[in-house]
Amino acid sequence: MHNRLALSGSVLKTPIRKVSPNGITHCQFFLEHVSEQMEAELKRQSWCVIPVIVSGPNELTHSIKKGSKITVIGFISTHTKRNNIQQIVLHASEIKFID
């Protein structure tokens, strides 16, 4: 089964950087995507905000700041938050900065 997503947008808030108890680095941020798409031969506004997690060593995460324009490529998975609400999260395997 395929699970691959590429999404471009702007980083909404300053990323949170953590190291897990087993020593794995994590960078978490929210990516806002806004575009115009064609659907049924009509233009449609597309907008979403998705949480992104980058796990493991990735030198690019140090350059990500609020307002950075990036493309994130990875897979999506559901995370259950502390209040038992489920949320889709994009786990990034590639990050590209947009000029």
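The values are calculated or read from the model by the stated rules, or taken from the named source; none is laboratory data. Model, not experiment: these values are computed from the prediction. Don't worry about glycine lacking a Cβ; one is built from the backbone with ideal geometry, like all the others, and counts go over all protein chains shown.
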Out of the residues in segment 1-58 meeting the condition of being assigned to a strand (DSSP E or B) and small (Gly, Ala, Ser), tell me which one is nearest to HIS79 (Cα to Cα).
SER55
Go through LEU42, LEU90 for me and flag whichever is at pLDDT 95 or above and loosely packed, with under 11 Cβ neighbours inside 10 Å.
LEU42
When segment 61-74 is checked residue by residue, the ones that are surrounded by 15 or more Cβ atoms within 10 Å (Cβ to Cβ) and over 10 Å from SER93 (Cα atoms) are THR61, ILE64, SER68, ILE70, THR71
Considering segment 51-60, residues that are under 22 Å from GLY23 (Cβ atoms) and under 9 Å from the mean Cα position of the chain (by Cα), and then whichever is surrounded by the fewest Cβ atoms within 10 Å (Cβ to Cβ), we arrive at ILE53
